[in-house]
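To start, the structure under review is shown below, and the notes come after it.
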Amino acid sequence: MAKTMELTENQKAYLQIQTVTSVFDRARNLELAKIGLNIPQAQVLNCLKISKEPMTPMKLSRMMHKQPHTVSALIHRMEVQGLVSTKKDMERKNWVRVSLTKKGDEAYRRWSTSTKVPDALSVLSKKEKEALRTITQRLHWEGLGLLREMQRSPYDVQLFWE
């Protein structure tokens with residue numbers, strides 16, 4: 001008979017976070033689908049709306065913590081849908097600027113008013129929400145540290161003459 005392994009407290013806590021995230025993401029995607037959006041599209045719309053400076057696909061990928069090629073493909077699909085527009089930067093020809101269209105601005109307004117899933121957090125007290133904010137900030141910074149540690153830098157390669 002196979003011996004069962006016991007998970008550590010950290011592994012159990014991670015699985016709890018992952019399960020809650022999956023449930024809320026599924027519910028939010030169902031809610032957003034009613035207005036023709038999904039979570040990544042809503043993230044792009046929000047980043048473009050709150051940005052004080054012109055946005056490029058690279059800046060968006062950094063803000064969203066997504067791979068540049070993933071964000072570029074997302075922007076392309078959103079451009080086809082008429083939610084965003086892209087233009088080459090006249091000063092820096094190799095840069096592309098991304099901006100909201102009128103349709104994208106309308107979608108942003110619809111997104112900001114569809115709040116059933118975010119309002120589910122009303123079950124938490126103000127003190128619990130503050131604790132959640134503190135905890136998620138700490139975990140966010142720890143996760144970013146893990147990403148930096150785990151992703152190889154192009155400068156980490158061993159030179160052929162060493």
Residues that are of a type in the set (D, E, K, R) and in a loop (DSSP other than H, G, I, E, B), drawn from the range 1-32: Lys3, Glu6
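Please find, within the range 96-109, the residue that is modelled with the highest pLDDT out of those that are more than 11 Å from Leu83 (Cβ to Cβ) and surrounded by 15 or more Cβ atoms within 10 Å (Cβ to Cβ).
Only one residue fits best here, namely Arg97.
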Residue in the range 63-79 that is over 21 Å from Arg28 (Cα atoms), at pLDDT below 95, exposed (fewer than 12 other Cβ atoms within 10 Å of the Cβ) and within 15 Å of the chain's Cα centre (by Cα) present: yes
Residue under evaluation Gly145, criteria (1) surrounded by fewer than 11 Cβ atoms within 10 Å (Cβ to Cβ); (2) modelled with pLDDT of 95 or more, criterion not met: (2)
Failed criterion for Arg62 (all others in (1) closer than 27 Å to Thr21 by Cα; (2) among the charged types (D, E, K, R); (3) touching a residue at least 40 places away in the same chain (Cβ under 8 Å) hold): (3)
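Name the one entry in Leu121, Leu83, Leu100 that is within 26 Å of Thr21 (Cβ to Cβ) and under 18 Å from the mean Cα position of the chain (by Cα). Spell out the reasoning first.
On the way: Leu121 fails: under 18 Å from the mean Cα position of the chain (by Cα); Leu100 fails: within 26 Å of Thr21 (Cβ to Cβ).
Answer to the selection: Leu83.
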Verdict on Ile35 being part of a helix (DSSP H, G or I), hydrophobic (A, V, I, L, M, F, W, C) and surrounded by 12 or more Cβ atoms within 10 Å (Cβ to Cβ): no
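Quickly run through the range 38-55 and pick out the residues that are assigned to a helix (DSSP H, G or I) and basic (Lys, Arg).
Within the range 38-55, the subset assigned to a helix (DSSP H, G or I) is 39-50.
Hit for the range 38-55 is Lys49, nothing else.
Return yes or no: is Lys87 loosely packed, with under 13 Cβ neighbours inside 10 Å, touching a residue at least 12 places away in the same chain (Cβ under 8 Å) and either polar (S, T, N, Q) or not in a helix (DSSP H, G or I) (or both)?
Values: loosely packed, with under 13 Cβ neighbours inside 10 Å: yes; touching a residue at least 12 places away in the same chain (Cβ under 8 Å): yes; either polar (S, T, N, Q) or not in a helix (DSSP H, G or I) (or both): yes.
Yes; evaluated as a whole, the condition is true for this residue.
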Residue list for the range 116-139, filter: under 20 Å from Arg26 (Cβ atoms), of a type outside the set (A, V, I, L, M) and surrounded by 10 or more Cβ atoms within 10 Å (Cβ to Cβ): Lys116, Pro118, Thr136
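The values are calculated or read from the model by the stated rules, or taken from the named source; none is laboratory data. Since the structure is predicted, the reported quantities are computational estimates derived from the model, not experimental observations. Backbone-built Cβ (ideal geometry, glycine too); neighbour counts: all protein chains shown.
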